[in-house]
Amino acid sequence: PGEWRLEDGWISSCYGERRPAPVCTFTAHGTGAQEFYSFLLPRTNGSSRVSVRELAARGGRAFELRDAGTCDQLLAGGGTLIETQRLASDFKWAWARFEVETGLLSELVLIDGRRLMLDGLEILNEAEPVAYVTARRVDDRLSVVINDRIRFHPGFMINEPGTLSLEV
């Protein structure tokens, strides 16, 4: 429910200068509150194509961005629990990157929330809201930073999709 148009416009590569360039404009009409999500996906010539689709989700909006090697999921909500097939989160923004070949979690960014579940396993459940969480897989460990301090780089071993175990 909307349409894209190619129009003549301007771009600037330096403050105070501009040059003519084609501009794409999206127009939609509706009543009541409307939400629009834009995905800016920088690509180089020869890069694999990226597909973007909305996922079925309870409690909010969820999107999948997929290319040849990675599958990203973005959950966007107002602090209520959003659930997809793989992720559940009450963070206002939750982004997770999975490897296409293995399905393993490789990176994670969470903003403003308390809870995260991956494949039904509760990963994070804080009593108080957390401003942000970042995580990155290093070998088979998940290195996690919460609010600018390293919380743990332990024990969570990533064995296969949906299976995290605690190393003791």
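Given (1) in contact with a Leu (Cβ under 7 Å, 6 or more places away or on another chain); (2) part of a strand (DSSP E or B), identify the lone condition not met by residue 20.
Exception for residue 20: condition (1).
Considering only residues that are touching a Ser or Thr at 6+ places or on another chain (Cβ under 7 Å) and part of a strand (DSSP E or B), look in region 81-106 and name the one that is surrounded by the fewest Cβ atoms within 10 Å (Cβ to Cβ).
Result: 99.
Under 6 Å between Cβ atoms, at least 6 apart or on separate chains: pull out the pairs that start in region 116-141 with a residue that is polar (S, T, N, Q) and end on any residue that is modelled with pLDDT of 85 or more and in a strand (DSSP E or B).
125/115; 134/109
Just to be sure before I move on: is residue 32 within 27 Å of the chain's Cα centre (by Cα), assigned to a loop (DSSP other than H, G, I, E, B), without any contact (Cβ under 8 Å) to a residue 12 or more places away in the chain and farther than 24 Å from residue 74 by Cα in the structure I sent?
So residue 32 fits the description; yes.
Could you pull out the residue among 46, 78, 59 that is of a type outside the set (Ser, Thr, Tyr) and buried (at least 16 other Cβ atoms within 10 Å of the Cβ)? Spell out the reasoning first.
Numbers: 46 fails: buried (at least 16 other Cβ atoms within 10 Å of the Cβ); 78 fails: buried (at least 16 other Cβ atoms within 10 Å of the Cβ).
None of the other options fit; the residue is 59.
Considering region 45-80 alone, what residues qualify as being farther than 22 Å from residue 124 by Cα and not in a strand (DSSP E or B)?
45, 46, 47, 48, 49, 50, 55, 56, 67, 68, 69
Can you find a residue in region 122-133 that is part of a strand (DSSP E or B), among the small types (Gly, Ala, Ser), more than 28 Å from residue 34 (Cβ to Cβ) and at pLDDT below 95?
Yes, because at least one residue in region 122-133 is part of a strand (DSSP E or B), among the small types (Gly, Ala, Ser), more than 28 Å from residue 34 (Cβ to Cβ) and at pLDDT below 95.
Only residues in region 77-96 that are closer than 14 Å to residue 112 by Cα count as the first member; pair them with residues that are surrounded by fewer than 24 Cβ atoms within 10 Å (Cβ to Cβ) and of a type in the set (Phe, Trp, Tyr), Cβ under 9 angstrom, at least 6 apart or cross-chain, and list the lot.
If the second residue must be surrounded by fewer than 24 Cβ atoms within 10 Å (Cβ to Cβ) and of a type in the set (Phe, Trp, Tyr), the pairs left are 77/93; 91/132.
Within region 92-111, which residues are over 19 Å from residue 143 (Cα atoms), in contact with a strand residue (DSSP E or B) (Cβ under 7 Å, 6 or more places away or on another chain) and either at pLDDT 95 or above or not aliphatic (A, V, I, L, M) (or both)?
Result: 92, 93.
Run residue 39 past the list (1) in contact with a strand residue (DSSP E or B) (Cβ under 6 Å, 6 or more places away or on another chain); (2) assigned to a strand (DSSP E or B) and report the number of the one that doesn't hold.
Here residue 39 meets the rest and fails (2).
The values are calculated or read from the model by the stated rules, or taken from the named source; none is laboratory data. This is a predicted model, so every value here is computed, not measured. Ideal geometry is used to build each Cβ from the backbone, glycine not excepted, and the neighbour counts take in all protein chains shown.
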